[in-house]
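Engineer: Mind looking over this structure? Questions follow.
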Amino acid sequence: MDNQSNSISKSTFQEVIFPPWEQLLPHQEQVIRDPHRFKVLVWHRRARKTTTALIELIKQALFKVGVYWHIFPTYAEAKDAVWRDPQMLFRVLPAQLIARTNEQELVVYLKNGSILQLKGADDPDALRGPGPLGIVFDEFAKVKYEAWEITEKVLRANAGWAWFVGTPKGKNHLFRLYQLGQQNHPEWKSWLLKASESGIISQDQLEESRKTSSPAHFNQEWECEFLEGEGAVFRGVREIADAVAHKPLDGHLYVAGCDLGKVHDYTVITVYDRSTNAQVYQDRFNTIEWPFQKKRIKAVADHYNHALIAIDATGLGDPIADDLIRANVAVEPVKFTEQSKKDLIEKLSIWIEQKRIKILNIKETLDEFDNFNYEIGETGRIRYGAPQGFNDDIVIAHALAVWSLNPLWKEVYEKQKNKIQKWKEKSRERFEEREYGDGWKEWENI
């Protein structure tokens, strides 16, 4: 760019009227004009959540020079939803305010010195260091909550602000912040906008959508209902999260689940007591070389009375399992396929819901169970896993351990009777009513 395009005169700023109030819908204007520091927007799909958030970011960047972030669950989502979409950032942001852009870093430099940057919460630790003055968390129900925990300290220190926008996904952290904004808090305010009330989507289109959607999905996406456990695989996790960690007990048998990871993923070891089906230990680590990981796994197994290790032996896990067996560790290698993973996850889900196990109350564990979900493919097959940018290592470790557990009580199933058996039973009742005594035995053998 030449020098002329890099500069901007006062008259140019005066020509730019921002925000364009006449183009905003009432619900957009209401939120933008509200003075609260932290705002939670729970709006239905296509209610212009992202557009409104972009308008706020630009408005604040023009008002006070600084760095402003728009954070999505993942970097890829940020690029697709805002940078590449011609109806988003570069339609909302007047071109005459832009000094230059950097597509590789997803950064826009404004002529007044402010910086707008799109980011992903894939790795929350990467958000440490810089000092933004304002942050928008988009699709916050899917964002790792740790991203807010890290950036909140920065915003508190520099008198910054934040928006949290999205559509419900169960009663997770978006729900909790929405509730906070409903309590007349001096800093927090929240809004909920249903499609049946906004008028943005016509009623006939909503009715057509209702015909092809499950009631739960329709109510969540269009009516912004926070449904208990909706979209989640595991329900009632917190009700069983009251186990107590303890050292191995004499005479007790233990089983451990181990999901392996090295760089981006974590290696997780979780230990259960077979006599109580309660978790007693958990370890989670990454960026550790394989030789040290094997020593660590063996040490845990030996410590817990030579516990059986159910280990993910898929891919790189296969030689690790072999090495542990050679080191005299009791190992049950589990090869993951789409079907075997489905079986493991569904057993874990059922046992949690039926309260057959107890787990340790660890924040990272509860968060992973909350985020773990399922997708139904075009052929109707169910695939389990964590959303993009999230981990499922803890869940898999639990699933491996629970797979090797047995029920603490004997299950009794009533065998269904066929038509002949039902007829004989009724005949016997009628026979006994006539007081023929034991004479039925003679007829029963016919």
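The values are calculated or read from the model by the stated rules, or taken from the named source; none is laboratory data. All values reported here derive from a predicted model rather than from experimental measurement. Note that we place each Cβ from the backbone using ideal geometry, even for glycine, and neighbour counts take in every protein chain shown.
Engineer: Just to confirm my filter: which strands (runs of 3 or more DSSP E) fall fully inside the range 294-396 and include at least 1 residues that are touching a Leu at 6+ places or on another chain (Cβ under 9 Å) and closer than 21 Å to ARG274 by Cβ?
Structural biologist: Those strands (runs of 3 or more DSSP E) span 308-312, 331-334.
Engineer: Could you list all residues from the range 51-72 that are surrounded by fewer than 22 Cβ atoms within 10 Å (Cβ to Cβ) and either of a type in the set (S, T, N, Q) or outside the structural domain of ALA126 (by TED's automatic domain parsing) (or both)?
Structural biologist: THR51, GLN60
Engineer: Turning to a different aspect of this structure: Name the residues in the range 279-293 that are of a type in the set (A, V, I, L, M) and surrounded by fewer than 20 Cβ atoms within 10 Å (Cβ to Cβ), would you?
Structural biologist: ILE288
Engineer: Does the range 177-187 include one or more residues that are of a type in the set (Phe, Trp, Tyr) and assigned to a helix (DSSP H, G or I)?
Structural biologist: Yes, the range 177-187 has at least one match.
Engineer: In this structure, is VAL136 β-branched (Val, Ile, Thr) and farther than 20 Å from LEU192 by Cβ? Write out each step before concluding.
Structural biologist: Working: β-branched (Val, Ile, Thr): yes; farther than 20 Å from LEU192 by Cβ: no.
Considered against the rule, which asks whether it is β-branched (Val, Ile, Thr) and farther than 20 Å from LEU192 by Cβ, VAL136 comes out as no.
Engineer: Continuing with this model, one more query. I need every pair where a residue in the range 344-359 that is under 14 Å from VAL255 (Cβ atoms) has its Cβ under 7 Å from the Cβ of a residue that is among the charged types (D, E, K, R), sequence separation at least 6 or different chains.
Structural biologist: So the pair list comes out empty.
Engineer: Just name the residue that is surrounded by the most Cβ atoms within 10 Å (Cβ to Cβ) out of those in the range 128-155 that are in contact with a Lys or Arg (Cβ under 7 Å, 6 or more places away or on another chain) and in contact (Cβ under 8 Å) with a residue 40 or more places away in the chain.
Structural biologist: Looking at the filtered set, the residue picked out is LYS142.
Engineer: Would you please list the contacts, defined by Cβ atoms under 9 Å and residues six or more apart or on different chains, that run from a residue in the range 95-116 that is surrounded by 12 or more Cβ atoms within 10 Å (Cβ to Cβ) to a residue that is in a loop (DSSP other than H, G, I, E, B) and of a type in the set (D, E, K, R)?
Structural biologist: GLN96/LYS111; LEU97/LYS111; ILE98/LYS111; ALA99/LYS111; SER114/LYS64
Engineer: How do the pairs read when you match residues in the range 26-50 that are modelled with pLDDT of 95 or more with residues anywhere that are surrounded by fewer than 24 Cβ atoms within 10 Å (Cβ to Cβ) and of a type in the set (Asp, Glu), using Cβ under 6 Å and keeping only pairs 6 or more apart or on different chains?
Structural biologist: ILE32/GLU56; ARG37/GLU187; PHE38/GLU187
Engineer: Another question about this same structure. Would you confirm whether any residue within the range 136-153 is modelled with pLDDT of 95 or more, assigned to a strand (DSSP E or B) and touching a helix residue (DSSP H, G or I) at 6+ places or on another chain (Cβ under 8 Å)?
Structural biologist: Checked the range 136-153: at least one residue is modelled with pLDDT of 95 or more, assigned to a strand (DSSP E or B) and touching a helix residue (DSSP H, G or I) at 6+ places or on another chain (Cβ under 8 Å).
Engineer: Just one of ARG326, ARG296, ARG274, ARG356 is surrounded by fewer than 20 Cβ atoms within 10 Å (Cβ to Cβ) and closer than 14 Å to ALA399 by Cα; which is it?
Structural biologist: Going through ARG326, ARG296, ARG274, ARG356 in turn, the sole match is ARG356.
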